[in-house]
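Asker: Starting off with a structure, shown below.
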Amino acid sequence: MVDTAPIKKVDKSVSTMTGQSHRVVIVGGGFGGLYATQALKQSPVAVTLIDRRNFHLFQPLLYQVATGGLSPGDIASPLRSVLSRQKNTQVLLGEVRQIDPDEQVLTLKDADTVVYDSLILATGSAHHYFGNDHWEAIAPSIKTIEDALEVRRRIFLAFEKAELEPDPAIRKALQTFVVVGAGPTGVELAGAIADLAYQTLKNDFSNVNTQETRIILVEGMDRVLPPFDPSLSTRAAQDLEKLGVEIRTGTFVTGLEGEKVTFKTGDQMETVESHSVFWAAGVRASSLGKALAEKTGAPSDRAGRIMVEPDFSVPNYPNIFVIGDLAHYAHQGERPLPGVAPVAMQGGKYVARVIGDRLASKTTPKFVYKDSGSLAIVGHSSAVVDLNWIKMTGYPAWVFWALVHVMFLIEFDNKVIVMTQWLWNFFTRNQGARLITGRDQVKSDQAFMNQ
């Protein structure tokens, strides 16, 4: 809903402190926004980075928070800390509600405003429930730390409830986990739950046989990891099946109600009872994309992504740029660039260069995305890696996957913590962050204390 409060036009940029006149405002502290901010460090501009969270989140490892392998702080870095030495940059905690592209003003949730000369929007995406948004309460996705903690709560609470449940049918439903979507997130989550159930938790319960846990991975396409090379998809499916994951390809979820999940495979319908359904299928652009399209007339695709020009600018508004998952970039190859972290990183750096070149009256070369490959982990010590010039599977791929992810963590202490935690988990099979938290748990604890 658009904020209609009167605009208080206040210049909140850092330009008055630095003496720089050109104000670059970046909305979103994810991969695209942060890399654009850092790339402008030496430019003669005043940068203001706005995010509704005070940290940068390394989303590719959220599934490990959801399964107790890592803690939230291991994969999050405070934006002020990361950018503390970048003197031409100011960080603001806020949520953009309105864009006025003609006046070049952003209105924040509290009705304060930020003025810009160049604007970079990098607000990312959310999971798409394909017209069934009411399913979100039943089948949470993993896009934020709160999402990951809710998924973690549901996973471990399911086993705790099963320990107390005398009815075998209900216990079976509690130990049935359904993951919808077999892209990298879905594959990694399903494999991690399998490792938990069949290895980590196997000696932790008295009444529950965790070996009886059922994990179903549902994918609408004809194979898991559809964007990957078919040979790697086949290997990933084989590794998942060895872990005990049931794979249903060419299958769609048609109903989620209570503890029942209805699948459709061809003409066949099936209903499974499960207390834990997790969503990893499809994404849509953040709501800011819709607001921008309405204000600028910019075209957008079915997922709400803005169709940008070759330099990532918005049609008819050359000083507004859209990058990352919010951008539909169709100027390289037959299909738009995928919504993955490397695209956001490279797009952020490129737009920063475009702004700097414009101020210096230079021409910027055409953007060319360099695809370094795709990676996905499958269980405890197996992965699939496609580097375009070489493909890897199994343990070597897992080592490579781990090194790449550690390398792209933002802060050095995060790199050390995550690597140490992974080594410990590898040798002990002990996921140390298996905490059940959340508001429901707090209320339960308070009720117990008041008895």
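Asker: Quick check on residue 116: is it of a type in the set (Phe, Trp, Tyr), out of contact with any Pro (no Cβ under 6 Å at 6 or more places or on another chain) and under 18 Å from residue 40 (Cβ atoms)? Can you show your working first?
Answerer: Numbers: of a type in the set (Phe, Trp, Tyr): yes; out of contact with any Pro (no Cβ under 6 Å at 6 or more places or on another chain): yes; under 18 Å from residue 40 (Cβ atoms): yes.
Here the answer is yes, as residue 116 does meet what is asked.
Asker: Checking the conditions here, which among 387, 403 is under 20 Å from the mean Cα position of the chain (by Cα) and either open to solvent by less than 20 Å² (accessible area, probe 1.4 Å) or closer than 20 Å to residue 185 by Cα (or both)? Talk me through it step by step, then tell me what you get.
Answerer: Working: 387 fails: under 20 Å from the mean Cα position of the chain (by Cα).
Exactly one residue qualifies, and that residue is 403.
Asker: Taking region 330-363 on its own, how many of its residues are more than 20 Å from residue 47 (Cα to Cα) and either open to solvent by 70 Å² or more (accessible area, probe 1.4 Å) or part of a loop (DSSP other than H, G, I, E, B) (or both)? Give the derivation first.
Answerer: Of region 330-363, the ones more than 20 Å from residue 47 (Cα to Cα) are 330-343, 362-363.
If we keep only those that are either open to solvent by 70 Å² or more (accessible area, probe 1.4 Å) or part of a loop (DSSP other than H, G, I, E, B) (or both) too, we end up with 330-340, 362-363.
The total comes to 13.
Asker: Taking the condition of being closer than 30 Å to residue 140 by Cβ, open to solvent by less than 50 Å² (accessible area, probe 1.4 Å) and not in a helix (DSSP H, G or I), how many residues in region 281-313 meet it?
Answerer: Number satisfying all stated conditions: 8.
Asker: Further, regarding this structure: Return the total of residues in region 314-327 being more than 14 Å from residue 32 (Cβ to Cβ) and open to solvent by 10 Å² or more (accessible area, probe 1.4 Å).
Answerer: The total comes to 5.
Asker: Does residue 125 fit the bill of being buried (at least 17 other Cβ atoms within 10 Å of the Cβ), within 30 Å of residue 350 (Cβ to Cβ) and at pLDDT 95 or above? I'd like the intermediate steps shown before the answer.
Answerer: Details: buried (at least 17 other Cβ atoms within 10 Å of the Cβ): yes; within 30 Å of residue 350 (Cβ to Cβ): yes; at pLDDT 95 or above: no.
Judged against the criteria, residue 125 is not a match.
Asker: I've got another one for you. Has region 24-33 got at least one residue that is of a type in the set (Phe, Trp, Tyr), surrounded by fewer than 22 Cβ atoms within 10 Å (Cβ to Cβ) and modelled with pLDDT of 95 or more? Before you say what the answer is, go through the steps one by one.
Answerer: Looking only at region 24-33, we keep the residues that are of a type in the set (Phe, Trp, Tyr), and these are 31.
Still in the list and also surrounded by fewer than 22 Cβ atoms within 10 Å (Cβ to Cβ): none.
Taking every residue of region 24-33 in turn, none turns out to be of a type in the set (Phe, Trp, Tyr), surrounded by fewer than 22 Cβ atoms within 10 Å (Cβ to Cβ) and modelled with pLDDT of 95 or more.
Asker: Residues to consider are 116, 129; find the one that is over 16 Å from residue 215 (Cα atoms), of a type in the set (Phe, Trp, Tyr) and under 16 Å from the mean Cα position of the chain (by Cα).
Answerer: The unique qualifying residue is 129.
Asker: Anything in region 63-81 that is within 19 Å of residue 33 (Cα to Cα) and crowded, with 19+ Cβ neighbours inside 10 Å? List them, or say none. Give the derivation first.
Answerer: Restricting attention to region 63-81, the residues satisfying the condition of being within 19 Å of residue 33 (Cα to Cα) are 75-81.
Within region 63-81, 75, 76, 77, 79 qualify.
Asker: Sticking with this one: In this structure, is residue 100 over 26 Å from residue 315 (Cα atoms) and of a type in the set (Asp, Glu)? Give the steps one after another, and end with the answer.
Answerer: Working: over 26 Å from residue 315 (Cα atoms): no; of a type in the set (Asp, Glu): yes.
Judged against the criteria, residue 100 is not a match.
Asker: Still on this structure: Please work out if residue 381 is open to solvent by less than 50 Å² (accessible area, probe 1.4 Å), modelled with pLDDT under 95 and not in a helix (DSSP H, G or I).
Answerer: Working: open to solvent by less than 50 Å² (accessible area, probe 1.4 Å): yes; modelled with pLDDT under 95: yes; not in a helix (DSSP H, G or I): yes.
So residue 381 fits the description; yes.
The values are calculated or read from the model by the stated rules, or taken from the named source; none is laboratory data. Please read these numbers as outputs of a predicted model, since none were measured by experiment. Heads up, the Cβs are rebuilt from the backbone with ideal geometry, glycines too, and the neighbour counts pull from every protein chain shown. To get the accessible areas, we keep the full protein, side chains included, count just its heavy atoms, and leave off ligands, DNA and RNA. Shrake-Rupley method; radii C 1.70, N 1.55, O 1.52, S 1.80 Å.
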